[in-house]
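The values are calculated or read from the model by the stated rules, or taken from the named source; none is laboratory data. As the structure is a prediction and not an experimental result, all values here were calculated from the model. Quick reminder, even Gly has a Cβ in these numbers, built from the backbone with ideal geometry, and neighbours come from all protein chains shown.
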Amino acid sequence: MTAGDTIVAISTPPGMGAIGVVRLSGPASREVAAALLRFDAGHQWTARTAELASLIDEGGALVDQVVVTWFAAPRSYTAEDVVEISCHGSPAVLHHSIDRALDAGARLAEPGEFTLRAFINGRISLPEAEAVHDLISATTLHQAKVAAQQLGGSVSRAIAPLKAQLLELIALLEAGIDFAEDDIDVASPDDILGRLSPIRTGAGRLAGSYAYGKLVHDGLTLAIVGRPNTGKSSLFNRLLEQDRAIVTDIPGTTRDTVSERAAIGGIPVKMVDTAGVREAAGTVEKLGVERSYQAMADAALTLVVVDGSQPLSPDDLSLLEKARAQGPLIAVSNKSDLGLDPAIEPLGFVAVSALLGEGIDELRRVILRTVSPHGSIPPESGLITSLRHERLLRECIEALDHAVLAVESGLPHELLLLDCYAALRPIDALTGATTADDILNRIFSTFCIGK
């Protein structure tokens, strides 16, 4: 990115649509826009006001009627002058607008450059910039809500008090070292440990939220396995709320894996319906059974479906053991509408009727409780979904643990400060760099040094 450039890009998806938006950002945004637009006589640019204009070609002929909005710096997305031109969504019209803007002195924006400028210009923090991509990529409403919280600064707000407390401790230690002759009391080991503890706890709690945040961000794969004719495909369709897999009374109808994406409690889930597991009668069915085992191995969670109206067979028990060895599982007794076998009821199976839809909501709740790291869904705010954030927080926690050991070992405060600064660096990578002035300001505001 070159400072001072005016950039242009189409901000709406490719293809035809009712409206297409061309966005300009940079110091010459209005001049570039004026070169391809014709306004009514006496037009004056008014910030944050939509105005009607004509998009014209090189000869001044009308191409489209458009709506133009100017956002004056710094009250814009990029903190620069921004002009948005809302055209009719014809690709020809949009590309004509881009060509005219390039001829007028703008250049094509690089991928993500509008958001990059917003970050560099201090309009948004780095976590907020990353949340823009997550919000655009959201496939469930819950994902969108989490990304919107992060875009609103939830991660930065959660980290800010930890950073403030760490800076207070650094300022205290720096003051004790640099201004010892001014009779400033240096904190006792207990005081230092008392200051380190809430920082360590807060960072640990935030890093721990990634286990669930990863599920929200990446989703999970759910394999549905069982013997033939236990109702796996019916359950698959019921969870999807559509008829995706073929269902018949003939055992072994499903010969291959069938996958589809859905959302359970806002978490994106790739559900995989598998071939019935039994002693294969032919080559095709044998391959299907092998793929069932592979799907079970690849899945984050397996639903083992049995016919709850009949006693458990040795094949059911064998499949349960194999699934348990692979990872988390939920045992489901289907066909509850036919009455459950008395021997199954005490075993903790989730009883459902895929035919009638009974017990499906409870099964969804059990799925959520099983995949959630702590058995419950944390709030959308203060949740991290980025592996980068989690690793930086773990790095901070490691440095804080070293600081605690330094205090307990009675090491000089100069060495303790090294650990404190090591804990501050990964936080800076999340929120923006801390300058020496930040430390000095805290020293002089906290202690009466200038006497």
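Quick one: in the stretch 183-197, of everything that is closer than 22 Å to residue 402 by Cβ and over 37 Å from the mean Cα position of the chain (by Cα), which residue is modelled with the lowest pLDDT? Among them, the one singled out is 186.
Could we say that residue 100 is modelled with pLDDT of 85 or more, assigned to a helix (DSSP H, G or I), charged (D, E, K, R) and under 17 Å from residue 4 (Cα atoms) here? I'd like the intermediate steps shown before the answer.
On the way: modelled with pLDDT of 85 or more: yes; assigned to a helix (DSSP H, G or I): yes; charged (D, E, K, R): yes; under 17 Å from residue 4 (Cα atoms): no.
When the stated conditions are applied, residue 100 does not pass them.
Checked against (1) modelled with pLDDT under 55; (2) in a helix (DSSP H, G or I), residue 448 meets all criteria but (2). Could you list, in sequence order, the residues of the stretch 96-145 that are under 19 Å from residue 267 (Cα atoms) and small (Gly, Ala, Ser)? 131, 137, 138, 144 - these are the residues of the stretch 96-145 that are under 19 Å from residue 267 (Cα atoms) and small (Gly, Ala, Ser).
If we scan the stretch 8-22, do we find a residue that is under 13 Å from residue 86 (Cβ atoms) and part of a loop (DSSP other than H, G, I, E, B)? Write out each step before concluding.
Within the stretch 8-22, the first condition is being under 13 Å from residue 86 (Cβ atoms), and the residues that meet it are 10-12, 17-22.
Imposing the further condition that a residue be part of a loop (DSSP other than H, G, I, E, B) reduces the set to 11-12.
There is at least one residue in the stretch 8-22 that is under 13 Å from residue 86 (Cβ atoms) and part of a loop (DSSP other than H, G, I, E, B).
Which residues, counting only those in the stretch 324-367, are of a type in the set (Ser, Thr, Tyr) and either under 14 Å from residue 224 (Cβ atoms) or in contact with a His (Cβ under 8 Å, 6 or more places away or on another chain) (or both)? The answer is 333, and nothing else.
A single member of 376, 386, 333, 381 is small (Gly, Ala, Ser) and modelled with pLDDT of 90 or more, and it is 333. The residues listed here are 154, 125, 188, 209; of these, the one that is of a type in the set (Gly, Ala, Ser) and in contact with a helix residue (DSSP H, G or I) (Cβ under 8 Å, 6 or more places away or on another chain) is 125.
Condition test on residue 363, is it under 31 Å from the mean Cα position of the chain (by Cα) and assigned to a helix (DSSP H, G or I)? So that I can check it myself, show each step before the final result.
On the way: under 31 Å from the mean Cα position of the chain (by Cα): yes; assigned to a helix (DSSP H, G or I): yes.
Yes, satisfied.
Out of 180, 164, 171, which single residue is at pLDDT 85 or above, surrounded by fewer than 19 Cβ atoms within 10 Å (Cβ to Cβ) and out of contact with any Phe, Trp or Tyr (no Cβ under 6 Å at 6 or more places or on another chain)? Spell out how you get there, then give the answer.
Values: 180 fails: at pLDDT 85 or above; 171 fails: surrounded by fewer than 19 Cβ atoms within 10 Å (Cβ to Cβ).
None of the others qualify; the one that does is 164.
Does residue 97 satisfy the criteria of being buried (at least 18 other Cβ atoms within 10 Å of the Cβ), more than 28 Å from the chain's Cα centre (by Cα) and not β-branched (Val, Ile, Thr)? Judged against the criteria, residue 97 is a match. Condition check for residue 139 on (1) in the same structural domain as residue 32 (by TED's automatic domain parsing); (2) part of a loop (DSSP other than H, G, I, E, B): one failure, at (1).
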